[in-house]
Structures are given as C-alpha cells and as structure tokens.
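Visitor: What follows is a single structure, and I will ask about it in a moment.
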Amino acid sequence: MPRIRPDVSVMSCAHDISDARLHREVAALVAADLRVEVIARGRAEHAPAGCDCVIILAGSGLLRRMHWALTLPWRARGATAITFDPDLVPMALLRRWVTPGRRLVVDVHEDYRALLADRRWARGMVGRLATALAQIATALAERADLTLVADEHVPPVLARNRMVLRNLADPALLPPLAAPSTQPHMVYIGDVRTSRGLKAMLAALEQAPAWTLDIVGRVDANDQQWLDTWQQTSPAATRLTMHGQLPPSIAWQHAQTAWVGLVLLQPTPAFVAAMPSKVYEYEACGLTVVTTNLPRQQAWLNSGGVGVSIPSGDDTAVASAVARALLAIQQDPGLVHQARERAAQVRNQSPYAQFAQAIAQLSQRG
C-alpha cells in the first residue's frame with residue numbers, strides 16, 4: 001500500500017530532532033490535523049508526538065551536513081516544506097521552483113550572521129564561507145512562500161510574506177504547575193556552552209552550597225573537556241546533574257519543582273538583541289529567572305517578569321553575583337512563590353495556532 005503523502009515536511013540538517021522550536025511547530029501542525037513528516041538528526045524516540053513519518057539522519061560532520069543540504073529538499077514528500085537551517089535554503093528554493101504545487105517555508109529563527117560571532121569554528125576561511133552562506137540564505141529566504149522569523153529584528157525584514165513567530169512557551173509541552181521542592185534547586189535547559197553561562201553557573205553552584213543544579217542540553221564540544229575536569233575536581237560536583245539532550249516534554253519535567261531558572265548569556269552580538277525562549281518557558285513553569293542584564297531580558301523583568309538581574313561581565317563576576325542572588329532567594333523565597341502565581345496567569349493557549357493556520361492554507365494551495 002503506498003504511503004499517504006504528508007501535508008508538511010519539516011527538515012533540519014543541523015538541529016537535533018529534540019529541538020524545542022521544532023517540537024512547538026510540529027505540535028501546532030498536528031493539532032491542526034496536518035500530516036507531518038520530520039527529517040532531522042538525533043534519536044527517533046525524541047521526535048515530536050503525532051508525526052506521520054520520522055526520518056533520522058545517521059552520522060555527523062561537515063561533509064555529511066553538506067550532503068544533506070543538497071539532498072534533503074529532494075527527499076521531503078510534503079506539499080509544504082519547512083527548512084530549519086540556512087544550508088537547506090538554496091536547494092529547497094530550487095526544488096520549489098521546479099516542482100509544481102510545491103510550497104516553501106523558511107524558518108529564520110536566529111540572526112545567522114550575528115550567531116557566527118559566538119562560534120569558535122567560524123574563523124578564517126571557514127568563517128568567511130559560513131558568513132557568505134548566511135548572507136545568501138537570508139537573501140533567498142525573502143522569496144519563500146512564507147518566511148518565519150523569531151523576532152522583529154531578525155532578518156530578512158523585506159520578505160514578501162513575513163511572519164514573526166516568537167519563541168513563546170507552549171503549555172502543551174510543559175509539565176503541570178507544582179509546588180517548589182523542599183530544598184533550593186535551580187535548572188538550566190538549553191544549549192550548553194561558555195557563552196551561554198556554563199562556567200559562570202557552575203562557579204555560582206560552588207559558592208551556593210545549599211543549592212543543586214540540573215543541566216539539560218547538549219554540551220558544546222569545545223567545553224566538554226573543561227566540564228569533565230570540573231566534575232572530577234569540584235567539591236560541588238555531587239550537586240550537579242547532567243541530563244544531556246532531551247525532548248521538550250521530558251526536559252521541562254526537570255523544571256517542575258525547581259526554584260530558579262538560569263539565563264546567563266554573555267553579551268555577544270547574537271545575544272544582545274535576542275530574547276531567549278527559555279525565559280518564557282521558565283516563566284510558564286513558575287520559576288524565578290536569574291538572568292544577565294541584556295536588554296531584552298531586562299525589559300521582560302521591567303514589564304513584570306519575576307526574577308533577578310545580574311550585571312553581565314566575566315564569568316567570575318557573574319558567578320559571584322548569581323551566588324549572592326541565590327543566597328537572598330534561599331533566605332527569603334518570596335520570589336519563588338510570586339513566580340508560581342505569575343505562571344498561572346501566563347499559561348494560555350499555544351501561540352502557534354496562527355502559524356499552523358498559515359501552513360494549512362499553503363498546503364491546501366499546493
């Protein structure tokens with residue numbers, strides 16, 4: 001029996017299939033009764049629920065990623081294709097042009113050029129090539145049937161059909177609200193690397209002996225050896241639990257009874273203008289957010305978000321400030337209870353319904 005053609009193919013050659021934004025989008029598409037095919041790296045059991053088809057890419061490395069960038073757009077069977085990586089955009093657009101009825105959605109969920117400044121590998125000739133690809137992909141994204149951006153400032157700003165799809169929390173992927181744990185506990189969920197606060201949060205853990213910390217996410221290869229050494233030598237190592245990469249429905253269970261969620265971004269070009277999705281997710285889980293004072297996080301706090309602002313700086317200074325904030329919260333957990341109260345107010349229906357409706361209309365046209 002021939003397989004039923006999916007309505008939508010979601011493709012990524014760089015993101016893991018457990019990626020939170022990917023899960024939020026697929027959940028909205030499934031809720032809209034669309035048949036969804038997902039093609040990505042990772043483990044099949046970490047795929048979003050309700051997919052009609054899941055294809056796991058085997059292996060890794062630059063050559064494989066280049067191969068996938070050239071071939072995945074031709075493997076996708078959906079009437080509408082959604083790309084998650086700049087690598088895929090040129091060939092996906094070509095497929096769109098030569099295939100009657102094919103629709104293309106380009107998800108530009110980060111400022112690709114700014115993000116390269118935070119990647120150690122993006123130096124020299126490799127960095128120049130990556131920058132050129134980012135520029136080309138961003139320009140081509142303007143020609144897609146629908147261009148998704150994660151925030152107003154994210155290019156391309158002149159796309160013919162542009163939708164701002166912010167990384168707001170989807171309550172359907174979060175655990176039910178629960179009372180905070182008896183002992184002080186904090187959590188970090190996301191990409192694990194120095195520029196996102198890895199060294200600062202572990203130094204703060206050393207200075208806050210009453211606290212425990214869960215970290216959920218993939219560790220950047222450049223930080224793995226440092227982390228291994230820290231775990232072998234730090235007296236605080238027994239109070240740290242590393243969970244690795246997990247799908248959102250499991251990852252956020254580790255935040256259910258936590259007191260604090262950490263967002264210790266360094267002021268890199270990509271992060272200064274960004275609003276991390278985990279801020280909204282911490283908020284919806286009822287966590288007090290301890291964050292460096294980058295503009296968007298500070299504005300969120302000023303508008304009623306529950307948390308503590310830490311001056312950005314070197315890891316040592318940030319760690320000391322975080323430790324002082326943790327001690328204050330431990331002595332007076334009023335913010336913890338206030339955060340739980342706010343969570344009950346902000347948990348609304350998924351903000352992705354409009355996105356799913358737009359995709360459904362494209363697929364019907366196809």
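The values are calculated or read from the model by the stated rules, or taken from the named source; none is laboratory data. All values reported here derive from a predicted model rather than from experimental measurement. Positions of Cβ are backbone-derived with ideal geometry, glycine not excepted, and every protein chain shown enters the neighbour counts. The accessibility values were calculated without ligands, DNA or RNA, using every heavy atom of the protein model including side chains. Shrake-Rupley method; radii C 1.70, N 1.55, O 1.52, S 1.80 Å.
Visitor: Kindly provide the set of residues from region 76-112 that are β-branched (Val, Ile, Thr) and either farther than 19 Å from residue 134 by Cα or touching an Asp or Glu at 6+ places or on another chain (Cβ under 8 Å) (or both), ordered by number.
Guide: 80, 82, 83, 98, 99, 105, listed by residue number.
Visitor: Sticking with this one: Would you please name the residue that is nearest to residue 80 (Cα to Cα), looking only at residues in region 39-61 that are assigned to a loop (DSSP other than H, G, I, E, B) and free of Cβ contacts under 8 Å to residues at least 24 places away in the same chain?
Guide: 58
Visitor: Looking at this structure, is residue 223 open to solvent by 10 Å² or more (accessible area, probe 1.4 Å) and either at pLDDT 95 or above or outside any helix (DSSP H, G or I) (or both)?
Guide: Against the criterion (open to solvent by 10 Å² or more (accessible area, probe 1.4 Å) and either at pLDDT 95 or above or outside any helix (DSSP H, G or I) (or both)), residue 223 does not qualify.
Visitor: Please find, among 322, 279, 308, the residue that is of a type in the set (A, V, I, L, M, F, W, C) and part of a strand (DSSP E or B).
Guide: It is 308.
Visitor: Does residue 205 satisfy the condition of being within 19 Å of the chain's Cα centre (by Cα) and crowded, with 16+ Cβ neighbours inside 10 Å? Before the answer, list the steps.
Guide: Working: within 19 Å of the chain's Cα centre (by Cα): no; crowded, with 16+ Cβ neighbours inside 10 Å: yes.
So residue 205 fails the test.
Visitor: Here is a further query. Could you check region 134-153 and list, in sequence order, the residues that are open to solvent by 10 Å² or more (accessible area, probe 1.4 Å), in a helix (DSSP H, G or I) and closer than 17 Å to residue 273 by Cβ?
Guide: Across region 134-153, the qualifying residue is only 138.
Visitor: So if I check each of 234, 303, which one is over 27 Å from residue 15 (Cβ atoms), polar (S, T, N, Q) and at pLDDT 95 or above?
Guide: 234
Visitor: Return yes or no: is residue 306 of a type outside the set (Gly, Ala, Ser) and touching a Ser or Thr at 6+ places or on another chain (Cβ under 7 Å)?
Guide: Numbers: of a type outside the set (Gly, Ala, Ser): yes; touching a Ser or Thr at 6+ places or on another chain (Cβ under 7 Å): yes.
Spelling it out, residue 306 is indeed of a type outside the set (Gly, Ala, Ser) and touching a Ser or Thr at 6+ places or on another chain (Cβ under 7 Å).
Visitor: To continue, here is another question. Any residue that is over 23 Å from the mean Cα position of the chain (by Cα) and open to solvent by 20 Å² or more (accessible area, probe 1.4 Å) - is there at least one of those in region 7-29? Even if it seems obvious, please write down each step before you answer.
Guide: Keep residues of region 7-29 that are over 23 Å from the mean Cα position of the chain (by Cα), which gives 7.
Right, trim to open to solvent by 20 Å² or more (accessible area, probe 1.4 Å) and you get 7.
The answer is yes; a qualifying residue exists.
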